[in-house]
Amino acid sequence: MSPRGRFITLEGGEGAGKSTQIGLLQAFLRGQGREVVTSREPGGSPGAEMIRKLLVEGPADAWDGPTEALLMFAARRDHLVRTVWPAIERGAWVISDRFADSTRAYQGHGHGLPLDRIELLYTVAVGNFAPDLTLILDLPVDIGLARAAARRGAETRFEGLGPGFHERVRSGFRAIAAAEPKRCALIDASGDVDTVHRAIVRVARERLELA
Ligand SMILES: Nc1ncnc2c1ncn2[C@@H]1O[C@H](COP(=O)(O)OP(=O)(O)OP(=O)(O)O)[C@@H](O)[C@H]1O
Ligand SMILES: [Mg+2]
């Protein structure tokens, strides 16, 4: 039987560089001869992509907070059941663009949904499972929004929510990193693409038994 794979999640605000860094991390891990699967939330499986449409299309107030969180966790469970767990089981390394910390940061810290209720949903949908490593890309909100605006084709309802919201999301992510230092690493994402990539590789080497 092949050894169990790993589950790595990338988190951070809009335009922090998650998609860019996932591409580079994937290439690095493949260079080490590993099977790498990349994925994203909400989405990452056919059912979860259908739920994603409900979440990202439409007006910012399409759902109230608890409903939005339930949809997120419904999509998350399907992503785990159909994509992540089978891949890890066969020894693949899965990198997900966002996971549960985005629900904590956006619906919890950003929108004020009580964090203990989010943890209840996590227990129901995910159980004891957690990422092996969570890389939280941190940078000032204005820089992130400028990067996201420069990149066309963004399909997020969250970009129009104002600077106060995005500041709460950023400090929420930083609080998560501080509260769970074994699982999470806070990465300074304000440097150039290569500098951030090197910081990520350094952390991955330290934490994941890499060559
Ligand atoms: N370190 C960097 N310095 C400058 N620009 C960057 C850096 N990393 C990414 N970018 C650029 O910023 C934009 C956003 O990057 P990217 O799409 O990787 O971020 P993201 O976190 O995935 O954003 P979103 O949450 O909107 O999906 C892209 O145009 C990308 O080329
Ligand atoms: Mg992205």
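The values are calculated or read from the model by the stated rules, or taken from the named source; none is laboratory data. Source: prediction; values computed, not measured. Cβ sites come from the backbone with ideal geometry, for glycine too, and all protein chains shown count toward neighbours. For the accessible areas, the whole protein counts, side chains as well, though only heavy atoms, and no ligand, DNA or RNA atoms are used. Shrake-Rupley method; radii C 1.70, N 1.55, O 1.52, S 1.80 Å.
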When you scan the stretch 168-201, how many residues do you find that are more than 16 Å from ligand 1 (Cβ to nearest atom) and among the acidic types (Asp, Glu)?
1
Wholly inside the stretch 1-94, helices (runs of 4 or more DSSP H) that include 1 or more residues that are modelled with pLDDT of 95 or more and more than 20 Å from Arg202 (Cα to Cα) are 46-56, 65-79, 85-89
For Ala154, only one of the following conditions fails: (1) at pLDDT below 95; (2) more than 8 Å from ligand 1 (Cβ to nearest atom). What is its number?
(2)
Counting only residues that are open to solvent by 30 Å² or more (accessible area, probe 1.4 Å), not charged (D, E, K, R) and not in a helix (DSSP H, G or I), the stretch 98-126 contains a total of 3
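Looking at the structure I just gave you, is Gly15 touching a Lys or Arg at 6+ places or on another chain (Cβ under 9 Å) and either within 16 Å of ligand 1 (Cβ to nearest atom) or among the β-branched types (Val, Ile, Thr) (or both)?
Spelling it out, Gly15 is indeed touching a Lys or Arg at 6+ places or on another chain (Cβ under 9 Å) and either within 16 Å of ligand 1 (Cβ to nearest atom) or among the β-branched types (Val, Ile, Thr) (or both).
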Can you list residue pairs whose Cβ atoms sit under 7 Å apart, with the first residue in the stretch 49-67 being surrounded by 12 or more Cβ atoms within 10 Å (Cβ to Cβ) and the second being of a type in the set (Asp, Glu) and at pLDDT below 90? Count only pairs 6 or more apart in sequence or on different chains.
Val56/Glu155
Considering residues of the stretch 130-154 that are part of a loop (DSSP other than H, G, I, E, B) and surrounded by 13 or more Cβ atoms within 10 Å (Cβ to Cβ) only, the residue nearest to ligand 2 (Cβ to nearest atom)
Ala154
